[in-house]
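Since the structure comes first, as structure tokens, the remarks are kept for the end.
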Amino acid sequence: MRGRTIYPGKVGGEAMVSKEPIGFYGGIDIKTGIVIEKGHELEGKCVKDKILVFPYGKGSTVGSYVIYGLKKNGVAPRAIINKETETIVATGAILAAIPCVDGIDIEKIKDGDVVEINAGEKEAEVIIK
Amino acid sequence: MHLTKEQEKMLNGEYGSIVSRMMRLLVRLGDVYGAEKMIPVASVQVAGVSYKSIGDPGLEFLQDVASEARVKVLTFLNPAGMDLENWKELGIDEKFAEKQLAIIEAFKKMGIVISATCTPYLAGNLPRYRQHIAWSESSAVSFANSVIGARTNREGGPSALAAAITGYTPYYGLHLDENRQPNVVVEVKAELKNSTDFAAMGYFVGREVKKGIPYYRGIRDADVDDLKELGAAMAASGAVALYHVEGITPEANEVETEGIEKIEFGEEELGEIYEKLNTGDEPDIVIFGCPHASLNEIIKIARLVEGRKARKPFWICTSRAVKEVAERMELDKKIEEAGGKLVADTCMVVSPIENMFSTTGVNSAKAAHYLPGFCKQKVVFRSMEDLLR
């Protein structure tokens with residue numbers, strides 16, 4: 001699948017898929033990378049080293065700083081794939097230097113799929129292995 | 001997007017990784033909003049200062065930026081979560097204060113002026129007509145665009161910081177002539193007696209026009225304090241970042257009003273807003289200065305309370321710069337003798353007043369809008385004169 005690069009990079013890993021949007025501030029614990037939002041479909045799971053797939057971000061703009069903090073604490077996802085990256089996630093991914101791609105039909109990616117991302121300066125490619 | 005050689009160098013990391021990331025952020029946001037290039041900015045105002053709102057993630061990020069980068073242009077700071085000097089006597093928790101001061105230290109290291117105010121234009125950061133700037137605070141954005149005629153989008157904390165560090169902002173939105181045209185005319189029929197009436201009108205119009213650009217007709221006169229309240233209210237009940245006032249704001253005679261929608265603001269609408277914003281009966285405290293009080297407002301308050309004793313405490317929030325001048329004029333003494341207090345660097349919405357009071361009296365529609373949610377307050381919304389009566 002082809003998409004748009006938000007932040008470039010070439011990485012692969014196991015997909016963790018959320019059909020719901022993710023709010024990073026108050027949604028993911030910055031020290032452990034565990035999803036803590038009550039009732040969220042990923043609640044209790046750890047995003048560390050995953051290819052995190054979700055439609056778009058939601059909630060407070062402080063979420064950008066949380067993405068940055070996850071990376072600093074070594075518990076960030078390896079990459080982010082969105083349907084549409086809004087400014088909170090875009091800002092966070094760019095500041096944290098986490099490869100991030102949007103414009104992808106994320107319904108084709110299943111939880112646990114091995115996914116490869118090749119994100120150039122502008123265009124990106126997502127391959128399900 | 002077209003980038004100059006200098007901007008390419010920034011992007012490619014020749015000035016370090018922080019500058020590179022900041023430039024990448026701006027380029028990416030510019031792509032999303034369809035900007036064709038970057039433009040230099042003359043002034044920046046950064047929001048996201050209170051520890052209550054940005055927490056440890058924000059603090060760590062700012063410390064990392066400060067370890068490597070400095071700002072390129074005059075950059076001011078939004079209010080903090082406490083008075084940066086008198087926090088102890090105002091009962092702020094030590095741990096909170098420590099974190100807040102660490103945030104301030106990081107900004108200072110970057111070369112940002114610790115103005116801690118939502119009214120930079122009253123405290124030493126005054127852009128000129130048609131100058132491109134990158135400001136964050138919604139009421140300051142509205143004032144700069146509308147009253148001064150400078151040009152800014154409403155920036156988030158990180159994007160404003162990125163503009164300060166690179167000296168550029170993507171060229172889109174309110175930076176362009178064609179996006180500064182009004183889309184609704186407001187016919188003002190009500191008699192506006194004070195800045196609180198202006199605030200009430202702003203609250204009504206913001207709610208009606210949402211993200212639009214209103215053009216006011218029928219306002220005979222308005223001073224800087226009236227316009228400050230008007231813009232703040234529209235940015236709180238709606239997301240208005242620019243408005244025009246016939247005969248008063250600088251771009252009003254350059255824009256086109258033919259054939260656009262019209263709404264009316266009369267005595268009935270004015271009454272409705274007062275009714276809506278008044279949720280309490282008797283205030284436990286009265287707080288002025290949302291947005292931060294001007295020197296003229298402090299002079300007015302000092303005159304109104306001189307030689308009297310207030311039944312309830314009252315605070316006036318302002319910038320440190322204005323407070324210093326007020327102190328030189330001994331206005332603080334008159335206010336303190338009457339039972340009031342001048343508070344600098346912070347604002348009622350970001351301070352923990354819910355632990356001390358349950359009903360707050362305000363003359364600002366922006367404050368009346370945010371206090372019930374952020375600080376669990378009932379609100380008495382009246383003019384300065386009525387609240388001090």
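Where a number appears in this text, it was derived from the coordinates with a stated rule and is not lab data. All figures in this text were calculated on a predicted structure; none of them were measured in a lab. Because the Cβ atoms are built from the backbone with ideal geometry, glycine has one as well, and the counts that use them run over all protein chains shown.
Would you please name the GluC sites (Glu not before Pro) within the range B:298-363 that are DSSP coil residues with at most 11 other C-beta atoms within 10 Å of their C-beta?
Qualifying residues, ordered by number: B:E330.
Counting just the Cα atoms, what span does the protein assembly as shown cover along each of its three principal axes? Round to the nearest Å and put the largest first.
78, 56, 43
Starting from the Cα of B:R308, step 7 Å toward the Cβ, then list every residue of the range B:349-389 with an amide N under 18 Å from that point.
Hits in the range B:349-389 for B:R308 at 18 Å: B:361-364, B:380-389.
Determine the shape class of chain B: with a ≥ b ≥ c the square roots of the Cα gyration tensor eigenvalues, call it rounded for a/c under 1.5, and otherwise prolate if a/b is greater than b/c, oblate otherwise.
Because a/c hits 1.5 or more and a/b fails to exceed b/c, chain B counts as oblate.
Residues in the range B:272-293 near a label at B:S358, defined as backbone nitrogen under 14 Å from the 7 Å Cα→Cβ point?
Output list for this probe position: B:280-285.
Taking the Cα centre of the range B:55-98 as the origin and placing charges on Cβ (Lys, Arg +1; Asp, Glu -1), which of B:V71, B:W87, B:P57 is farthest toward the positive end of the dipole?
B:V71
Rounded if a/c is under 1.5, else prolate if a/b is larger than b/c, else oblate: which is the range B:61-153, with a ≥ b ≥ c the root eigenvalues of its Cα gyration tensor?
oblate
When the C-alpha atoms of the range B:307-367 are aligned to their principal axes, what extent does each axis show, in angstrom, from largest down?
Sorted from largest, the Cα extents of the range B:307-367 read 32, 27, 21 Å.
Out of all DSSP beta bridges with both ends in the protein assembly as shown, state the antiparallel percent to the nearest 5.
Within the protein assembly as shown, antiparallel bridges account for around 30 percent of the total.
Could you work out, for the range B:5-177, what percent of all Cα-Cα pairs fall into each 5 Å distance bin, beginning at 0 Å and stopping at the bin that holds the largest distance?
1, 9, 18, 21, 19, 15, 10, 4, 2, 1, 0
Given springs between every Cα pair under 10 Å in a Gaussian network model of chain B, which of B:E60, B:E89, B:E261 has the largest fluctuation?
B:E89
Would you mind pulling out the separation of the Cα centroids of the range B:243-302 and the range B:53-67, in Å?
What the calculation gives is 35 Å, centre to centre.
Evaluate the relative contact order of the range B:176-222 (contact order divided by residue number), counting alpha-carbon pairs under 8 angstrom at least 6 apart; express in whole percent.
Normalised by residue count, the contact order of the range B:176-222 is 61 percent.
Springs between alpha-carbon atoms under 10 Å, Gaussian network over chain B: tell me which of B:G206, B:G156, B:G231 tops the mean-square fluctuations.
Ranking B:G206, B:G156, B:G231 by mean-square fluctuation puts B:G156 first.
Taking only Cα atoms, what is the 0 to 90° angle, nearest 10, from helix A:87-96's long axis to the longest principal axis of chain A?
Value to nearest ten degrees: 80.
Calculate the dipole size of the range B:278-388 relative to its Cα centre from +1 charges on Lys and Arg beta carbons and -1 charges on Asp and Glu beta carbons; express the result in debye to the nearest 20.
That gives a dipole near 60 debye.
Counting Lys and Arg as +1 and Asp and Glu as -1, each charge on the Cβ, what is the dipole of the range A:1-85 about the Cα centre in debye, to the nearest 20?
320 debye
Can you pull the Rg over Rh of the range B:201-309, Cα-only, Kirkwood?
Expressed as Rg/Rh, it is 1.02.
Using alpha carbon coordinates only, what is the Rg to Rh ratio of chain A, with Rh defined as the Kirkwood radius?
Result for chain A is an Rg/Rh of 0.92.
Using only DSSP helix segments of four residues or longer, with each worth -39500 (n - 2.57), what per-residue ellipticity at 222 nm results for the protein assembly as shown after dividing by its residue count and rounding to 500?
Result for the protein assembly as shown, helices only: -10000 deg cm²/dmol.
Given the options B:L25, A:G103, A:G9, identify the residue whose Cα lies farthest towards the positive end of the charge dipole of the protein assembly as shown (+1 on Cβ of Lys, Arg; -1 on Cβ of Asp, Glu).
Sorting the options by dipole projection puts first A:G9.
Check each of the trypsin sites (Lys or Arg not before Pro) in the range B:172-264 and keep only those in coil by DSSP with at most 15 other C-beta atoms within 10 angstrom; list them in order.
Counting only loop positions with at most 15 other Cβ atoms within 10 Å, the trypsin sites (Lys or Arg not before Pro) in the range B:172-264 are B:K189, B:K193, B:K210, B:K211, B:R220.
When only C-alpha pairs under 8 Å and at least 6 residues apart count, what is the relative contact order of the range B:302-389, in percent?
Dividing the mean separation by the residue count of the range B:302-389 yields 28 percent.
Of all beta bridges DSSP finds with both residues in the range B:5-177, what is the antiparallel percent, to the nearest 5?
Expressed as a percentage, antiparallel bridges in the range B:5-177 total about 25.
Between the helical axis of A:63-72 and the dominant principal axis of chain A, each derived from Cα atoms, what acute angle in degrees is found, rounded to the nearest 10?
80 degrees
May I ask you to sort B:F96, B:F76 by Cβ crowding, counting other Cβ atoms within 10 Å and putting the fewest first?
Result, fewest neighbours first: B:F96, B:F76.
Given Cα pairs under 8 Å that are at least 6 residues apart, what percent is the relative contact order of chain B?
Relative contact order of chain B: 17 percent.
May I have the count of lysine pairs in the range B:59-158 with C-alpha atoms under 22 Å apart, counting pairs 8 or more residues apart or located on different chains?
Summing the qualifying lysine pairs gives 8.
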